[in-house]
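Novice: Sharing a structure with you now.
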Amino acid sequence: MPLSIPRLVLHAGIHKTGTTTLQVSLKQLRPQLHQRGVALVTIEMMKKLPHEGSWAARRTRNPVEAPLFQDELRNLVATEMAEVEQVSGAPTQQVLISNERLVGARMPSEGDSPRFRPVAEDSITEVIEALAPERTHLALYTRRQDRLMESCYLWEIQKGRSHSVRDQFPYIDQTVLRYFDLARRLRAIPKVDSMRVRPFELIGAGSLLYLEDFLVNIGLNGQLDMSEFEEDPSANRSYSNKALSIALKVNRELETKKERDAVKRFLKRAFPIGTYPGAQILTPEERTKLIERYADDNEQLFLTFMPDLPMDSYSSIEATKKLGTVLNRG
């Protein structure tokens, strides 16, 4: 039986743009979302689908596995919609899927050249075709390219790797992470009726305001009781410079996930950011070159998809810092 979804909202990432913070917050608010007719499908729920992995990681659409994944997704969404209707006593008005794997599961790589996130259109199209909503809205988040690279690198080191930045990003001197091109391609996907692009750096105002800004996407700004909302200051805490230095020496000696997790916890606890400076991966010269390399693409991104924000927001460290004050102005 076909689903009846008036509106589908896809929070498509990209990765390392506060997706975990938003997802944890949405799970806290899930009872209220249900009361207001919103079915929430999380990345954890989707990862349990038997064919989710092939959907998220593939580079071209798989004619054999695609229908299997779509059936699994429909069943999952139908279950969530039934729960919403039981709680609210009315049909589901919106289905919200928050999953950065909508634009690709892997870290940025040379496979992102010349098209950043090359599987994004196919992955999103497959979800839309499976659910057949009346309207679809995309929420896309970005992060200044140099800081995205650093965050991705630290993520790998925290998982126990010990390689260099150049090993992870051999394309660092190429223009690979082009957000404007990605946003333009996603907006052109058939059946996508609207799209909102926001910069991760707005989180400088605090995760509560960041969440409230996100809720604008689904038309619920000001409608949820946020009085019991709990911010998680430890979400995705990164390494300090001291912790990173030690990890690069110790990680190569670790053999099991248990050892790697224990070392990660120790380093974050013993050498926390706040006591020690945050890890700086790139040299000032490398950072300047990266910011300059993406200047034109980023200006077009802000001018076209975020006209409420200065188009030079990613042109320098100082300009980007100002984004952290935008949400406080309201």
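Each value in this text was obtained by applying a stated rule to the coordinates, not by laboratory testing. Given the structure is predicted, the values throughout are model-derived calculations rather than measurements. All Cβ positions, glycine included, derive from the backbone under ideal geometry; neighbour counts span all protein chains shown.
Novice: Tell me, what is the percent relative contact order of the range 208-320, built from C-alpha pairs under 8 Å that lie six or more residues apart?
Specialist: Taking the mean separation of contacting Cα pairs over the length of the range 208-320, I get 20 percent.
Novice: Just want to confirm a number: the relative contact order over the chain, from Cα pairs under 8 angstrom separated by 6+ residues, in percent.
Specialist: With pairs under 8 Å counted, the relative contact order is 22 percent.
Novice: Another one. So, counting K/R as plus one and D/E as minus one, what does the shell of residues with Cβ under 9 Å around GLN168 add up to?
Specialist: Numbers: positive: ARG161, ARG166; negative: GLU156, ASP167.
Cβ neighbours under 9 Å give a net charge of 0.
Novice: Assign one of three labels to the range 104-261, namely rounded, prolate or oblate, based on the Cα gyration tensor with a ≥ b ≥ c the square roots of its eigenvalues; rounded applies when a/c is under 1.5, prolate when it is not and a/b is larger than b/c, and oblate otherwise.
Specialist: Because a/c hits 1.5 or more and a/b fails to exceed b/c, the range 104-261 counts as oblate.
Novice: Still on this structure: Let's test this: bin the Cα-Cα distances of the chain at 20 Å from zero up to the farthest pair and state each bin's percent.
Specialist: Spelled out per bin, shortest first, that is 29, 59, 11.
Novice: Now, a different point. From the Cα gyration tensor of the range 119-164, with a ≥ b ≥ c the square roots of its eigenvalues, which class applies: rounded if a/c is under 1.5, or else prolate if a/b is larger than b/c, or else oblate? Kindly include the intermediate steps, with their values, before the conclusion.
Specialist: Numbers: a/c = 4.10, a/b = 2.47, b/c = 1.66.
It comes out prolate by the Cα gyration axes.
Novice: Determine the relative contact order of the range 46-178: mean sequence separation of Cα pairs under 8 Å and six or more apart, normalised by residue count, in whole percent. Please report the intermediate quantities before stating the final value.
Specialist: Numbers: 96 pairs, mean separation 34.9, N = 133.
Answer for the range 46-178 is 26 percent.
Novice: Give, rounded to the nearest 20 debye, the magnitude of the charge dipole that the range 122-201 has about its Cα centre when Lys and Arg contribute +1 at Cβ and Asp and Glu contribute -1 at Cβ.
Specialist: The calculated dipole for the range 122-201 is roughly 240 debye.
Novice: So what are the ³J(HN,Hα) numbers for the range 184-196, from phi and the Karplus equation (6.51, -1.76, 1.60; θ = phi - 60°), rounded to whole Hz, Gly and Pro as x?
Specialist: 5, 5, 5, 5, 8, 4, x, 6, 8, 8, 7, 8, 10
Novice: So which aspartates and glutamates pass the test for LYS27, namely a Cα distance under 19 Å, with those fewer than 8 places away in the same chain ruled out?
Specialist: GLU44, GLU80, GLU83, GLU85, GLU100, GLU212, ASP213, ASP225, GLU228, GLU230, GLU231, ASP232
Novice: I'd like the orientation of helix 19-28 relative to the chain: the angle between its Cα long axis and the longest Cα principal axis, in ° from 0 to 90, rounded to 10.
Specialist: It works out to around 40 degrees.
Novice: Another question about this same structure. How large is ³J(HN,Hα) for each residue in the range 127-141, as worked out from phi by the Karplus curve 6.51 cos²θ - 1.76 cosθ + 1.60 (θ = phi - 60°), to whole Hz, x for Gly and Pro?
Specialist: Coupling constants for the range 127-141: 5, 5, 5, 5, 9, 6, x, 6, 9, 10, 10, 9, 10, 10, 10 Hz.
Novice: Sequence-distant or interchain residues sharing an amide H contact under 5 Å with THR136, placed H: which?
Specialist: Sorted by chain and number, the residues that satisfy this are LEU8, ASP193, SER194.
Novice: Shifting gears a bit: Checking the a/c ratio against 1.5 first, then a/b against b/c, what shape does the Cα gyration tensor give for the range 148-240?
Specialist: oblate
Novice: If you don't mind, another one. Nearest 20 debye, what's the magnitude of the dipole of the chain about its Cα centre given +1 on Lys and Arg Cβ and -1 on Asp and Glu Cβ?
Specialist: It works out to roughly 760 debye.
Novice: In degrees between 0 and 90, to the nearest 10, how far off the longest principal axis of the chain does helix 241-250 point, with axes built from Cα atoms?
Specialist: That helix lies at roughly 90 degrees to the long axis.
Novice: How many angstrom lie between the Cα centre of the range 1-58 and the Cα centre of the range 242-265?
Specialist: When both Cα centres are located, 32 Å separates them.
Novice: Rounded to whole Hz and in sequence order, give me ³J(HN,Hα) for the range 258-265 from the Karplus expression 6.51 cos²θ - 1.76 cosθ + 1.60, θ = phi - 60°, writing x for Gly and Pro.
Specialist: Computed from phi, the couplings for the range 258-265 are 4, 5, 4, 5, 5, 5, 4, 4 Hz.
Novice: Lys/Arg Cβ at +1, Asp/Glu Cβ at -1, dipole of the range 141-257 taken about the Cα centre: which of PRO190, SER240, PHE200 is farthest positive-ward?
Specialist: PRO190
Novice: Place +1 on the Cβ of every Lys and Arg and -1 on the Cβ of every Asp and Glu in the range 1-112, take the dipole about the Cα centre, and give the residue among ALA82, GLN70, HIS34 whose Cα lies farthest towards its positive end.
Specialist: HIS34
Novice: Right, next: Using 28 Å as the Cα-Cα cut-off, could you pick out the over-long pairs in LYS159/LYS242; LYS47/LYS257; LYS47/LYS191; LYS257/LYS322?
Specialist: Violating the 28 Å Cα-Cα cut-off are LYS257/LYS322.
Novice: For helix 145-158, report the angle its Cα long axis makes with the longest principal axis of the Cα atoms of the chain; keep it between 0 and 90° and round to the nearest 10°.
Specialist: Result, in degrees: 80.
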